[in-house]
Amino acid sequence: MAKPLVLHLLLLLICGSALLSSGSVIHPISDAHRSAATEFFVPAADGSFGSLEETYEALRTFQILGLDRSSAKFEGTCKTVSEKLSSPTTTKDLYHALKITAILGCRTESIEFDGITSRLQTAVKDASSLLELYYSLGGLLTVKEQGKDVILSDADGTFQAIKALSQSDGRWRYDKDSTGSSAFAAGIALEALASVVSLAGSDIDQSKIAVVRKDITKLFDRIKHYDDGTLYFDEKNVDPDQYKGPLATSASITSGVTAFAAVSSEKLNIGGEKILGLAKFFLSIGIPGTAKDFFYQINSLASLENNRISIPLVLSLPATVLSLTAKDQLKVEVTTVFGSHAPSLAVSLLKVLTPDSKEVTSFEKKELEYDPENRIHFLDLSPLKIDVGKYSLIFKVSVNDPEGADLYATGDQIIVTAFLTGFIKVDKAEIAVSDSDAASESVQKLDLSKESLISLSANHLQKLRLSLQLTTPLGHSFKPHQMVVKFRHESKVEHLFVPETSSRQYKLVLNFLGLVEKFYYLSGRYEIELAVGDAVMENSILRSIGSIELDLPEAPEKAAKPPAQPVDPLSRFGPKEEISHIFRAPEKRPPQGLSLGFMGLTILPLLAFLIGLLRIGVNFKGFPTSAAPATFAILFHGGIGAVLLLYVLFWLKLDLFTTLKALGFLGVFLLFVGHRTLSYLASTSAKQKTA
């Protein structure tokens, strides 16, 4: 069964491999991410998601994506957080508890913010590591954002303490005892420095901020890239236990840089193409595999959605497969990373490149029209005279407002892969059988648009020829990804052949004399099947075109045998035929009259016994007269009668097991009452002999 599946899956494999080779197409955050968030973060009965850190990441993700996070739903979480804030705890838990309180809008009347502020101020002074400073400063900033008056004592000293951990390449150490530096730590440090600037009672020395801006520039000099303009950060030469991976590292730096840019009086010297490259990296991931990575992705994109460096605009195609037959329009959407509407802008299609990077010469630069109702840019493809195929479309996005051009990052040139599909015309399809010297040829035309089948016959001294032409909608010769002709013998043995192309025509010539060994000398009827498939071919072909009766010579003794055909799994593991039980024929029985006569003979002794009792009479002299012995005697005789009745019921209707069960109970009963009765008779007899 495996071989027949090959051709049936052929077209799907062709299309799938072509689409995969085109690379991933980025799209802004959509409802798919919102649905994934509800699957990644499932609250417990009390509304929590595990630890305080996990709860904060879940609620922060819900906040960014606009999902339900009402305080009534998470009332238990607010209560837990309030208790945590009122008890001694680590700065990390204190930071996450304050963040959760702010996100949920929990009631804060019972929270002593003055005491919390004092604890965090002390933690900043006593901090010995970058993470302690990060959580302490982040907690103080969260308290300030809730309307409390918070001023960091010794802001310059704290700023310098964090800056002392920086390295010459823009990375940071986690503490002064660390020998190595980390890009992930750089993002934490930049966010902590931003908190210091926000909490300072007076402006921080601008020279110190200028040094940090240079550190950020050095950090971006280490950024890595893909050929399509996607940019990301990764760790280098760090301890295995400190390695975070490209997503976590890029997320940390993105959050830190955007936070520092928000408090810096001057704009950071970071090109818009780098911000756009980071946005493309986060979006190209799709939906990450873990809740932690999902939080990193969403939180980082939220930092890029509205920042003071450059707001990235994402160009995406609602459909990358366009039908020339249906006259589909090329539609383009330009939005922010969360799908918000972009400012007024112009989208131009600069070039159209073939898979081998050759420019389509018939195409000239076109500016796409704008549909304000649907907020899309579109272009009619029909007048462009572009044929079917896989193309790289090169776009240019320009913001119409000159003042807003610096606020948005659009990129220089944006390359998107698209497939133009169409109906492929099949011409001059024919199949013929000829002699080996081609002196005579029997030709039959093939109409692949109909279900007609041809019937041929040939011997091993003849040849078979199959030829056809494939033409695109613009009249060009079309070369499909795959074209296969299959011969299937009556015994299920299959043979595959690939036609060759020559001068705009596909041709398959089979010389049966040279193929007798390949055909295992199997004469008989062969089904002929044609498969033509391509990712841009709307009318892919997979059908039987007829059969041929082959007369091949007898196989020599040492000729190869046909391969064993795979067993159909359904025949091995599918439902079996219903088993019909055949019972043994009943033994031959005597005539009914003879059986009845024998039964009468067996009853005669019983009748004779009963008649004798009536004639002679019953002697009741030994029957007990006292109440108790008489009762046991009556029960004993009644039990014997019950046994006799049980025999009759067994004969008429009861099965053996039921009868034995009842007989067991009656036997125990008879044993008891019979013993008492016989004991009484024995004692009475002994008294009479003594007297």
Helical mean residue ellipticity (222 nm; -39500 (n - 2.57) per DSSP H run of 4+; nearest 500) of the chain = -13000 deg cm²/dmol
Counting only protein chains, not ligands or nucleic acids, how are Ser136, Ser679 ordered by accessible area (probe 1.4 Å), most first?
-> Ser679, Ser136
Take the Cα pairs of the range 43-153, get the Kirkwood Rh, then feed it into Stokes-Einstein at 10 °C and 1.306 mPa s and tell me D in µm²/s.
-> 112
Neighbourhood charge, 14 Å Cβ-Cβ cut-off, centred on Lys144 and excluding it, Lys, Arg +1 and Asp, Glu -1 | -1
Kindly provide the chymotrypsin sites (Phe, Trp or Tyr not before Pro) of the range 500-591 that DSSP labels as loop, not H, G, I, E or B, and whose Cβ sees at most 14 other Cβ atoms within 10 Å.
-> Phe583
For Ala564 and Leu645 in one chain, what is 0.36 nm times their gap in residues minus the Cα-Cα distance, to one decimal in nm?
-> 22.2 nm
Low-density loop trypsin sites (Lys or Arg not before Pro), the range 247-295, at most 14 other Cβ within 10 Å, DSSP non-H/G/I/E/B, are Lys267
Residue separation between Lys492 and Glu145 times 0.36 nm, minus their alpha-carbon distance, gives in nm 117.3 nm
So, with a 1.4 angstrom probe, what is the percent of accessible area on the chain that is carbon and sulfur?
-> 56
Under the rule rounded for a/c under 1.5, else prolate if a/b exceeds b/c, else oblate, using alpha carbon gyration tensor axes a ≥ b ≥ c, the chain is classed as oblate
Please state, as a whole number in µm²/s, the translational diffusion coefficient that the Stokes-Einstein equation yields for the range 293-340 at 20 °C and 1.002 mPa s, with Rh defined as the Kirkwood radius across alpha carbon pairs.
-> 167
Cα-based shape type of the range 310-375, given that a ≥ b ≥ c are square roots of the gyration tensor eigenvalues and the cut on a/c is 1.5 | prolate
For Gln242 paired with Glu577, estimate the spin-label separation in nm (one decimal), with each label point 7 Å from Cα along the Cα-to-Cβ line.
-> 7.5
Cα-based convex hull, the range 79-129, per residue volume (Å³, whole number) | 73
The range 565-691 - convex hull of alpha carbons, volume per residue in Å³ | 234
Accessible surface, per residue, of the range 158-215 when the full set of protein chains is kept, probe 1.4 Å, Å² = 38
Taking GluC sites (Glu not before Pro) that fall in a DSSP loop and have at most 13 other Cβ atoms within 10 Å as cut points, what is the longest piece of the chain between them?
-> 113-265
What are the chymotrypsin sites (Phe, Trp or Tyr not before Pro) within the range 609-691 that DSSP puts in a loop, where the Cβ has at most 15 other Cβ atoms within 10 Å?
-> Phe620
Debye intensity ratio in log₁₀ form over the Cα atoms of the range 494-563, taken at each q of 0.11, 0.12, 0.26 Å⁻¹ = -0.38, -0.45, -1.31
Rounded to whole Hz, the Karplus (6.51, -1.76, 1.60) HN-Hα couplings of the range 54-67, x for glycine and proline | 5, 5, 4, 4, 5, 5, 5, 5, 4, 5, 5, 7, x, 8
So what is the accessible area of the range 412-564 per residue, in Å², with the probe set to 1.4 Å?
-> 52
Using only the alpha-carbon atoms of the range 426-564, report the extent along each of the three principal axes, biggest first, to the nearest angstrom.
-> 55, 37, 26
How much length is gained on full extension from Leu594 to Glu527, taking 0.36 nm per residue of separation minus their Cα-Cα distance?
-> 17.0 nm
To the nearest µm²/s, what D does Stokes-Einstein give for the range 125-243 at 20 °C and 1.002 mPa s, using the Kirkwood radius over alpha carbon pairs as Rh?
-> 141
Kirkwood-type radius of the range 532-600, with distances r between different C-alpha atoms, in Å | 21.8
Once the principal axes of the Cα atoms of the range 125-170 are found, what is the range along each, listed largest first in whole angstroms?
-> 38, 19, 17
Computed on Cα atoms only, the convex hull of the range 238-372 has an orientation-averaged projected area in nm² of 12.7
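The values are calculated or read from the model by the stated rules, or taken from the named source; none is laboratory data. Because the structure is a prediction, the values reported are computed rather than measured. Because the Cβ atoms are built from the backbone with ideal geometry, glycine has one as well, and the counts that use them run over all protein chains shown. What goes into the accessible areas is simple: the full protein's heavy atoms, side chains included, and nothing from ligands, DNA or RNA. Shrake-Rupley method; radii C 1.70, N 1.55, O 1.52, S 1.80 Å.
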